[in-house]
2 protein chains.
Amino acid sequence: MATSTSSTPAYRDLTRLPHVVIIGGGFAGIATARGLANQHVRVTIVDKHNFHTFLPLLYQVATAGLEPADVAYPIRTIFGNADNIGFRHARVSVVDHSRNLVVLDDDTELAYDHLVVATGATAAFFGIPGASKYSLPLYSLADARKLRNRLLLALERADVESEQASVTLNFVVVGGGPTGVETSGALSELIRIAIKRDGLRLEASDVRVLLVDLAPRLLTAFPESASRYAKKELEELGVEIQFGRSVVEVEENAIRFSDGERIETAAVVWAAGVTASGTLSHDLQASPGPGGRARVTADLRLVESVNVWAVGDAAAVPINDSEFCPQLAPVAIQSGRHCAAQILRVLDAKETVPFRYRNKGIMATIGRHAAVAKLPRGGVIKGTAGWLAWLGLHLWYLVGFRNKIRVMINWTWRYFDWPSGPRLIVADAETAE
Amino acid sequence: MATSTSSTPAYRDLTRLPHVVIIGGGFAGIATARGLANQHVRVTIVDKHNFHTFLPLLYQVATAGLEPADVAYPIRTIFGNADNIGFRHARVSVVDHSRNLVVLDDDTELAYDHLVVATGATAAFFGIPGASKYSLPLYSLADARKLRNRLLLALERADVESEQASVTLNFVVVGGGPTGVETSGALSELIRIAIKRDGLRLEASDVRVLLVDLAPRLLTAFPESASRYAKKELEELGVEIQFGRSVVEVEENAIRFSDGERIETAAVVWAAGVTASGTLSHDLQASPGPGGRARVTADLRLVESVNVWAVGDAAAVPINDSEFCPQLAPVAIQSGRHCAAQILRVLDAKETVPFRYRNKGIMATIGRHAAVAKLPRGGVIKGTAGWLAWLGLHLWYLVGFRNKIRVMINWTWRYFDWPSGPRLIVADAETAE
């Protein structure tokens, strides 16, 4: 660091401002930081990755539709124009709430005036044997790359084996919610394109994509007409759908169901549900809410705390006495913004106001040319045209930071370019000398 | 694999054709296969990666200018329209020339009628202690990703350390040839952009990019005026250049020179030279030529062989009695094409004809707005405008397969998008749970 006084950067003047530490650079953490950008606070975002991941499109990375760089944005770059927002590339070891300290894994300590827990959610395996070890969830860029490599390597192996004997490759997706629907549709499309374009000796009928769920229909958060539409569209893409199936074990290359059936698998994708991540709630002695989330009061503070807040998927945000907000990107963004505003109010010695979730609807895409959306008032949109309009607006709203144009151009281009886009097995390159 | 006879694909008819096995999917291997596409031979390309890597732009991946997918093309996709070209994703364990067999690491065997060795080159470390262990060469996608992550992580760490004390980060590039010039220029530009845009507390003067070479000038394959121009341009980009320096050891975080000086380093990039890769020459009992390359006759066959050929960087291709072709992409492409034509001639019982290298000139880019090129007749082009024209033509010529338009759009877009492009630390994501 230069020691000349003439070029002292602006951040040095910030050290006397109240310090807000945000743990997690997902939708909720980024939204909180945006609400505090260029305000009279100093902010430090802590994340184990140096980038924010656009989770709604992870399944596209897993199926070679997008590249990692298309869905990951360096946190520093997002806030390059806000002098008061800093970033620490680290994991949190422990939160010492009694001393208002966050201890990082490099043994440095961050003293905070306000702490925002935005640690998100991760896959819930419900204690099913082998599920966490052998199945592939889709909650991080690393997950997505792993699934992509597994898929492409399986096709290569099957191609060699098909010289000697007939081959059946099974990909099983567990869970019929939006993630399961999107992933199974994209998987089936990718496999067909890869077989058609890449000169594999396999045929489409050699590869099976099976979507299983315990429920009697897909997308249970949507109206039944949407479920029927999704089922029809997925089946047209070649996805086989089985309801009422309960997984009892995942093995390295197989999955077992409660009726005793065992299917050999090339990969099991786990899209069966989420739980709040991390052990921070324990450090903070937070009251556990549904799905391992930290219970918060209406203004988003941990129950019994004055300066610790929880937002997004990590928080059980009350809607009323018995209901909580769903774990969705719009909730994360809205709660982050609200939290930022409340921190500023507390610092200004004003009363906080309660959070109210504004329903933006929900959506699931099915392959590359269809989608279903449930509108805030309960209506349903199906098909291509409505989808494109809805998708554009939705993404525009979600991206919510600089470089929107750049991101949209990238996505549009990749979308149309996909059939000839690169199906790279990159983990292979990682480990090779 | 489907067993119905009605849909028997065309490849089944190919099994009686002569089988050409090509080891390596680089410029030379791909060019050979292109020359054999849709001819009366059956071809199998064997590579440990499922993609071809566009090596001339690897330094751009290392410096976050391009993404891996921009410089890597799946080999299957390149030949998706040629029924007679197959691909095997494997490493070669051994070549049994006496039985005309290639044994792969999955223990399968490929019997060949003709074998083409296109295994390329790798970094030469000249036995310097620590160089192969601690320095970073740039000959594969994995190398490029490793360098990028090292660079970005070093900036993050230095940013934290700069809170306590003044920091100096040294990046040392060993070798003043095109790779060294391109990498040091791009490194210096990336560091300045990252510091300016990403809110790091570092200043440009805290980070040093040092290019060292034993020779008294840069780019010794170019005329002196080009060397002077490259030096001036690099210095303007902030690169420090030292000539007459001999490296005696590379340590984990330092480099030592013959004059006793030891410099602490964040990374050492090794661009000091190449040697032919692999141990195939040994299996084939090939006469060793300069740089570990296999000596070939004028028609590109191994000396004393009738059906084993060597092309590209793996081959010592004679120009006359004492000179050999340089290890350059145009030589690889031209020799691959020539080899394909000769194999077809041999199969047609015709005489082979000798290979003649048509000099296309050489080029090195310096940062993002300048380049030097040496034309075939010895002239030199410098600066921006000539560079853009030359670059466009050069890349167009080098890409040489389907999807040219796609590739050019990607590159153009990334080029202009670079300052706000993603500087992702992705190895981090790989290893995270």
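Contact map, the range B:202-216: first residue more than 7 Å from chain A (Cβ to nearest Cβ), second residue among the polar types (S, T, N, Q), Cβ cut-off under 6 Å, separation 6 or more or different chains; pairs are B:ARG208/B:ASN170; B:VAL209/B:SER184; B:VAL209/B:SER188; B:LEU211/B:SER184; B:VAL212/B:GLN242; B:LEU214/B:SER246.
Here are B:PHE324, B:PHE355: which of them is among the aromatic types (Phe, Trp, Tyr), outside the structural domain of B:GLY175 (by TED's automatic domain parsing), farther than 23 Å from B:GLY177 by Cα and in contact (Cβ under 8 Å) with a residue 12 or more places away in the chain? Working first, answer last.
Working: B:PHE324 fails: farther than 23 Å from B:GLY177 by Cα.
So the residue among B:PHE324, B:PHE355 that is among the aromatic types (Phe, Trp, Tyr), outside the structural domain of B:GLY175 (by TED's automatic domain parsing), farther than 23 Å from B:GLY177 by Cα and in contact (Cβ under 8 Å) with a residue 12 or more places away in the chain is B:PHE355.
Filtered by the rule that a residue be over 17 Å from the mean Cα position of the chain (by Cα) and among the small types (Gly, Ala, Ser), the range B:173-208 gives B:GLY185, B:SER188, B:ALA194, B:GLY199, B:ALA204, B:SER205. Restricting attention to the range A:154-172, the residues being part of a loop (DSSP other than H, G, I, E, B), touching a residue at least 12 places away in the same chain (Cβ under 8 Å) and within 9 Å of another protein chain (Cβ to nearest Cβ) number 4. If the condition is being crowded, with 19+ Cβ neighbours inside 10 Å, within 18 Å of A:PHE126 (Cα to Cα) and either touching a Ser or Thr at 6+ places or on another chain (Cβ under 6 Å) or small (Gly, Ala, Ser) (or both), then the range A:244-276 contributes A:VAL250, A:ILE255, A:VAL268, A:VAL269, A:TRP270, A:ALA271, A:ALA272, A:ALA276.
Taking the criterion of being aliphatic (A, V, I, L, M) and assigned to a loop (DSSP other than H, G, I, E, B), the residues of the range B:74-129 that qualify are B:ALA82, B:ALA90, B:ALA118, B:ALA124, B:ILE128.
Take the residues in the range A:130-153 that are in a loop (DSSP other than H, G, I, E, B) and closer than 23 Å to A:GLY25 by Cβ; name whichever of them is farthest from the chain's Cα centre (by Cα). Once the filter is applied, the top-ranked residue is A:PRO137.
Scan the range B:247-261 and give yes if some residue there is out of contact with any strand residue (DSSP E or B) (no Cβ under 8 Å at 6 or more places or on another chain) and either assigned by TED's automatic domain parsing to the domain that holds B:ASP321 or under 16 Å from B:GLN327 (Cβ atoms) (or both), otherwise no. Checked against the condition, which is being out of contact with any strand residue (DSSP E or B) (no Cβ under 8 Å at 6 or more places or on another chain) and either assigned by TED's automatic domain parsing to the domain that holds B:ASP321 or under 16 Å from B:GLN327 (Cβ atoms) (or both), the range B:247-261 yields no hits at all. On inspection, A:LEU141 does not qualify as touching a strand residue (DSSP E or B) at 6+ places or on another chain (Cβ under 6 Å) and more than 11 Å from every other protein chain (Cβ to nearest Cβ).
Give the residue that is nearest to the chain's Cα centre (by Cα), with candidates limited to residues of the range A:27-47 that are surrounded by fewer than 22 Cβ atoms within 10 Å (Cβ to Cβ) and of a type in the set (Gly, Ala, Ser). Per the criteria, the residue is A:GLY35.
Of the numbered criteria (1) at positive phi; (2) surrounded by 14 or more Cβ atoms within 10 Å (Cβ to Cβ), the one B:GLU240 fails is (1). Among the residues of the range B:55-82, those that are over 17 Å from B:GLY26 (Cα atoms) and more than 7 Å from chain A (Cβ to nearest Cβ) comprise B:GLN60, B:VAL61, B:ALA62, B:THR63, B:ALA64, B:GLY65, B:LEU66, B:ASN81, B:ALA82. Determine whether A:ARG192 is within 14 Å of another protein chain (Cβ to nearest Cβ) and touching a residue at least 60 places away in the same chain (Cβ under 8 Å). No, not satisfied. Selection over the range A:83-130 of residues that are more than 14 Å from every other protein chain (Cβ to nearest Cβ), under 30 Å from A:LEU151 (Cβ atoms) and of a type in the set (Gly, Ala, Ser) gives a count of 4.
Select, from B:ASP113, B:ASP143, B:ASP159, the only residue that is in contact with a Leu (Cβ under 6 Å, 6 or more places away or on another chain) and of a type in the set (D, E, K, R). Write out each step before concluding.
Values: B:ASP113 fails: in contact with a Leu (Cβ under 6 Å, 6 or more places away or on another chain); B:ASP143 fails: in contact with a Leu (Cβ under 6 Å, 6 or more places away or on another chain).
Unique residue meeting the criteria: B:ASP159.
The values are calculated or read from the model by the stated rules, or taken from the named source; none is laboratory data. These figures come from a predicted structure and were not determined experimentally. Ideal geometry is used to build each Cβ from the backbone, glycine not excepted, and the neighbour counts take in all protein chains shown.
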